[in-house]
Structure formats: C-alpha cells, structure tokens
1. Do we have residue 176 as free of Cβ contacts under 8 Å to residues at least 24 places away in the same chain, outside any helix (DSSP H, G or I) and either over 16 Å from the mean Cα position of the chain (by Cα) or surrounded by fewer than 16 Cβ atoms within 10 Å (Cβ to Cβ) (or both) here?
2. Quick one: is residue 131 assigned to a helix (DSSP H, G or I), surrounded by fewer than 20 Cβ atoms within 10 Å (Cβ to Cβ) and touching a helix residue (DSSP H, G or I) at 6+ places or on another chain (Cβ under 6 Å)?
3. Only residues in segment 81-108 that are at positive phi and at pLDDT 95 or above count as the first member; pair them with residues that are surrounded by fewer than 16 Cβ atoms within 10 Å (Cβ to Cβ) and assigned to a loop (DSSP other than H, G, I, E, B), Cβ under 8 angstrom, at least 6 apart or cross-chain, and list the lot.
4. Could you check segment 135-168 and list, in sequence order, the residues that are touching a helix residue (DSSP H, G or I) at 6+ places or on another chain (Cβ under 8 Å), under 16 Å from residue 6 (Cα atoms) and in a helix (DSSP H, G or I)?
5. Looking only at residues that are out of contact with any strand residue (DSSP E or B) (no Cβ under 8 Å at 6 or more places or on another chain) and closer than 18 Å to residue 159 by Cβ in segment 54-83, which one is surrounded by the most Cβ atoms within 10 Å (Cβ to Cβ)?
6. For the list (1) under 26 Å from residue 58 (Cβ atoms); (2) surrounded by 18 or more Cβ atoms within 10 Å (Cβ to Cβ), I need the number of the one condition that residue 126 fails.
C-alpha cells in the first residue's frame, strides 16, 4: 500500500477567563470566543474538506463552532475523549501559588519529575501522552491521508509534539502553546499505521492566527 500523508492541524481552544487563575484541567469551563479577528484568521488558515475533531470539553467544542462561524469549511466534528486536557485531580480549583504556599509532600514530589508524576487523583503528562497516542492512532487509521483539524488543549498539543519527536514528557513542557494558536504536524505512514514504520514531520508550532482584520 502506498505511502500517504495525514496532516494534523492542532488548534488550542480560546482563553478561559472566568476561573480566577486556578487550575482547571479537565473541568468543563467556558472560554471567551469574542476575538473575532483571531477566529477569522484561523478560518482562513484551516483546510477545506477536513475531518474535524474536538475533545468532549465545551471550551474545545465552542472554539470549533466559533471558527466555523468565522468562515471555516466544516462538518460535524468527531468527539474524541482521548484528546481531553490532562487531569490535575485534587489540584483543580486551586492556584499554583496556593499549592506552592502549602508545600505539601505531594507537591514537592510532583516537581521532582513533573513529566511523569501525577497530581493526587489526577494523571501525569506521561499518562496524557499515552492517552493522546491512542486517539491519534485511531484517527490516523480511520482517516488516513486526510487533513485533521483537532481543536483541543495545550497539554494535548504538547503530548502530540512529544509523540512526534519521541521526547521525554518533561521536555515537552518546554513548548509554549498559546490559546488560538495553530500547530501543524504531518504523519507520513508506510502502509496503514500499525505501530511501525511511520514518521512525523513538524510543519509549524504555536503559529498565530493570520491577520484578517
């Protein structure tokens, strides 16, 4: 079977402005979709006739809807729960400053290796990477050779980059992924994705929306 390229267009959701600087992780919080120019820019950049995917969280779903309203070519998105943000467990609804001030044993242990240590009741970045890998493989098989617009989360996009570059989880934390930024990754397969032989190519990371003012 011939080699094919599956291109992933990863978009981080719009900003969350109502949570007071606290950790929200997998909490289903709303986002601010008022930046019309940014949404027009994303609509202009994204491909036509793509497969759309979001997580189950409303900030991803609402961001996808706002891009479409701004003019993107669109079909009903798939909902992929493996693309949800990292769960921070019992630390959700707390700020990092509060956790630092409390200086609990769990907090101190977390910062020894934040890539592989899970917050209490949550998951590590390594767990998120493994979960994201499952979703990517499934979409790569089901939609081989297509453009995939994936409207998800900062952690999920870092996980995709870690998989593409075969990085240690802690190293993936160095990537800055802004709200409403675009990250483009190509999966070049050798036949269908069966866990061997494929290669990733990085086309762009944390790209701002085009200026369509």
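1. No; evaluated as a whole, the condition is false for this residue.
2. Taking the combined requirement at face value, the residue satisfies it.
3. Taking only residues 6 or more apart or on different chains, the pairs are 89/120; 89/121.
4. 135, 136, 138, 160, 161, 163
5. 59
6. It is condition (1) that residue 126 fails.
The values are calculated or read from the model by the stated rules, or taken from the named source; none is laboratory data. This is a predicted model, so every value here is computed, not measured. Counting neighbours? That spans all protein chains shown, and the Cβs are built from the backbone with ideal geometry, glycine included.
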